[in-house]
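Coordinate-derived values only; no laboratory data. Keep in mind that what you see is a predicted model, and the values were worked out from it rather than measured. So basically every Cβ, Gly included, is an ideal-geometry build from the backbone, and we count neighbours across all protein chains shown.
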Ligand SMILES: Nc1ncnc2c1ncn2[C@@H]1O[C@H](COP(=O)(O)OP(=O)(O)O)[C@@H](O)[C@H]1O
Ligand SMILES: [Mg+2]
């Protein structure tokens, strides 16, 4: 449904996105995850025909975003980072206005407006002036305007930013419910959000795709991984093989060797286990000296930071 090939966008000397490629299947919900300045908004603005790319190709439902913008626009709904709402319009009139802009015929328009208001749970605010609405309600009006043309593809730029926890849960659920019926790309800089809502996640940093993963793999990583760091005085090879044999250990790496008979080992364990005492006992049983033992947990945040930092190092 969405194809992006080697997309690059420069703003003057700033390379906002570099060689970004990905596909989104029909009915799929894809998350664009990345820190501020990663290039999420730029990618979305190119896909929604608001910005021409410097190079590369993109198409939606088979229509090229550069050469067939009218075809593309009629098939997408876009919730920008800041929704251009008209403060002095009433919700219903605003949605009718957007419907008109998007070329919906007068006949059936008010029905469509009622329908999206229902879908976004704002019917009871139909006659309210937009300026009197809370941030959460405004965001729902923003979502309603994106849905007004019943688009096949929805592009949502940080849809939960600035909302309170209850509103966040509502919007996320709403997006989740659309999976299968619409193809969705949503951006976020919050990890739990994309893993909750999306079927696939693209991590971007400094304009480049640095990782792509399914939520189940993300969830696996989300669960804390426990590593134990041990410093042992003893024959390093023998120590290593003894540690590997401890039940529940999934891997052992010699991370440094401060002296010929001293090794520092990183021991990965199955996540639910605390093997510190077992590991210590194993060292003692072999009459080696246990110089240090610490455990460290790695959260998805850590993994994310690591990915992002690795990328930085590559570029430096
Ligand atoms: N209109 C612009 N002019 C110049 N640079 C811009 C413009 N918009 C974005 N950038 C730069 O492009 C990069 C990507 O920005 P953006 O796509 O907004 O990232 P994100 O949405 O992930 O925070 C940033 O370095 C940003 O400063
Ligand atoms: Mg942005």
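Translational diffusion of region 225-298 was estimated from the Stokes-Einstein equation, with Rh taken as the Kirkwood radius over Cα pairs; at 4 °C and 1.567 mPa s the coefficient is 109 µm²/s. The calculated FRET efficiency for the pair residue 102 and residue 67, based on their C-beta separation and a Förster distance of 22 Å, comes to about 0.65. Looking at region 2-221 alone, DSSP beta bridges between its own residues are antiparallel in about 50 percent of cases.
Normalised by the number of residues in region 225-298, the average gap of Cα pairs under 8 Å and 6 or more apart makes the relative contact order 47 percent. Mind pulling the angle between the C-alpha long axis of helix 300-315 and the longest principal axis of the chain? Nearest 10 degrees, somewhere in 0 to 90. Approximately 90 degrees, to the nearest ten.
Comparing 58, 242, 144 in a Gaussian network model of the chain, where Cα atoms under 10 Å apart are tied by springs, the biggest mean-square fluctuation is seen for 242.
Pairwise Cα distances in region 119-266 exceed 21 Å in 61 percent of cases. In the chain, the longest principal axis of the Cα atoms and the axis of helix 91-101 are about 80 degrees apart. Suppose R0 equals 35 Å. What FRET efficiency, 1/(1 + (r/R0)^6) with r the Cβ-Cβ distance, do residue 55 and residue 26 give to the nearest 0.05? FRET efficiency, residue 55 to residue 26: 0.85. Put a dot 7 Å past the Cα of residue 164, heading toward its Cβ, do the same for residue 229, and the two dots end up 4.2 nm apart. The Kirkwood radius of the chain, taken over pairs of alpha-carbon atoms, gives through the Stokes-Einstein law at 4 °C and 1.567 mPa s a diffusion coefficient of 58 µm² s⁻¹.
Ranked for footprinting exposure by Cβ neighbours inside 10 Å, fewest first, 66, 22 give 66, 22. Kindly express, to the nearest 10 degrees and within the range 0 to 90, the angle between helix 165-178's C-alpha long axis and the longest C-alpha principal axis of the chain. Helix 165-178 sits roughly 80 degrees off the main axis of the chain. Reported to the nearest whole Å, the Cα centre-to-centre distance from region 113-157 to region 25-100 is 16.
When shorter helices are ignored and each DSSP H run of at least 4 residues is given -39500 (n - 2.57), the per-residue value for the chain at 222 nm works out to -10500 deg cm²/dmol. Residue exposure proxy: 51, 147, 33, ordered by other Cβ atoms within 10 angstrom of their Cβ from fewest to most, comes out as 51, 147, 33. Modelled this way, with points 7 Å down the Cα-to-C-beta line, the labels at residue 270 and residue 36 are 4.3 nm from one another. Springs join every pair of Cα atoms under 10 Å in this Gaussian network model of the chain, and among 94, 78, 86 the largest mean-square fluctuation is at 86. Using alpha-carbon pairs under 8 Å, 6+ residues apart, how would you state the relative contact order of region 2-221 in percent? Once normalised by length, the contact order is 30 percent.
Springs join every pair of Cα atoms under 10 Å in this Gaussian network model of the chain, and among 197, 83, 228 the largest mean-square fluctuation is at 228.
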